[in-house]
Amino acid sequence: MKKVFLSLLVAGFTLIANAQPPAGDAKPGEWYGEKITTDGAVAINDAVAKLSDGKEKVDGKIKAKITDVCPKKGCWLKLELANGETAMVKMKDYGFFLPVAAIGKTVVIDGEMKMKTTSVAELKHYAEDAKKSKEEIAKITEPKKEIRVEAKGIVIVE
C-alpha cells in the first residue's frame, strides 16, 4: 500500500513540475528551440506588411517585443504590433517553451508567419491559460483573424 501511495505521489509531483514554464531570466543571448542567430531579422511590422500585400505566408526571422507568455506552461507568447494588436506565437511541434521572464523582452524568432482565423474554442483555451476571469472568457463569442507565427527557434536580444 505504501508503494502505491508513494508511486502516486511521485507521479503527481511530476505532473505538477511539468506544467510549469521553464525557469530562467530570459537574458540576452539565451535561445530556445533551434539555436538561431539574429542575422537577416526584419521588424515584425515589415513582415506583417508582406502578408497584407497578399502573401500567404512569410518565412524567416522577425524581431519583436514580447507582451505576454503563457503562465501555465510557456507554450505560447504574444508579440507587439504597431497597430496596438498582437501576434500569437506557438512553438513548432510543441517542442520548447519560454519562461514568463521573457515578457517585455525583444526577441528574434525564426519561423513561419501567416494569417489564421482562430476558433472561439481555441481563444477561450488561451484565455484560460492566461488565467482570465470567467466573465472575460464568456465574452469570447466570435472567431478572430490574427497573425500566427510558428517558431522553430527564439533568441533573446534585449
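The values are calculated or read from the model by the stated rules, or taken from the named source; none is laboratory data. Since we're looking at a predicted model, the values are computed, not measured. Counting neighbours? That spans all protein chains shown, and the Cβs are built from the backbone with ideal geometry, glycine included.
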All positions within segment 76-85 that are in contact (Cβ under 8 Å) with a residue 40 or more places away in the chain and buried (at least 17 other Cβ atoms within 10 Å of the Cβ):
W76, L79, L81
Residues located in segment 134-158, provided they are buried (at least 16 other Cβ atoms within 10 Å of the Cβ) and of a type outside the set (A, V, I, L, M, F, W, C):
E146, R148, E150, K152, G153
Residues of segment 128-149 being more than 20 Å from L81 (Cβ to Cβ), among the small types (G, A, S) and assigned to a loop (DSSP other than H, G, I, E, B), which ones?
S133
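Check whether at least one residue in segment 76-85 is closer than 16 Å to W31 by Cα, of a type outside the set (S, T, N, Q) and at pLDDT 90 or above, and report yes or no. Can you show your working first?
In the first step, residues of segment 76-85 are kept if they are closer than 16 Å to W31 by Cα; the result is 76-77.
Okay, now just the ones that are also of a type outside the set (S, T, N, Q), so 76-77.
Restricting the remaining residues to those that are at pLDDT 90 or above gives 76-77.
Yes; the residues of segment 76-85 include at least one that is closer than 16 Å to W31 by Cα, of a type outside the set (S, T, N, Q) and at pLDDT 90 or above.
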Is segment 41-52 home to any residue that is modelled with pLDDT of 95 or more and in a loop (DSSP other than H, G, I, E, B)?
yes
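Taking the options L98, L123, name whichever one is at pLDDT below 95, in a loop (DSSP other than H, G, I, E, B), touching a strand residue (DSSP E or B) at 6+ places or on another chain (Cβ under 8 Å) and at negative phi.
Values: L123 fails: in a loop (DSSP other than H, G, I, E, B).
Among L98, L123, only L98 is at pLDDT below 95, in a loop (DSSP other than H, G, I, E, B), touching a strand residue (DSSP E or B) at 6+ places or on another chain (Cβ under 8 Å) and at negative phi.
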Filter result (free of Cβ contacts under 8 Å to residues at least 60 places away in the same chain and surrounded by fewer than 21 Cβ atoms within 10 Å (Cβ to Cβ)) within segment 87-113:
D93, Y94, I103, G104, T106, E112
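Going through segment 101-120 one residue at a time, which ones are among the polar types (S, T, N, Q) and either within 20 Å of P71 (Cβ to Cβ) or at pLDDT 95 or above (or both)?
Of the residues in segment 101-120, the ones among the polar types (S, T, N, Q) are 106, 117-119.
Selection gives T106, T118.
Using the structure shown, decide if K61 is in contact with an Asp or Glu (Cβ under 6 Å, 6 or more places away or on another chain) and surrounded by 15 or more Cβ atoms within 10 Å (Cβ to Cβ). Please lay out each step first, then the result.
Numbers: in contact with an Asp or Glu (Cβ under 6 Å, 6 or more places away or on another chain): yes; surrounded by 15 or more Cβ atoms within 10 Å (Cβ to Cβ): yes.
So K61 passes the test.
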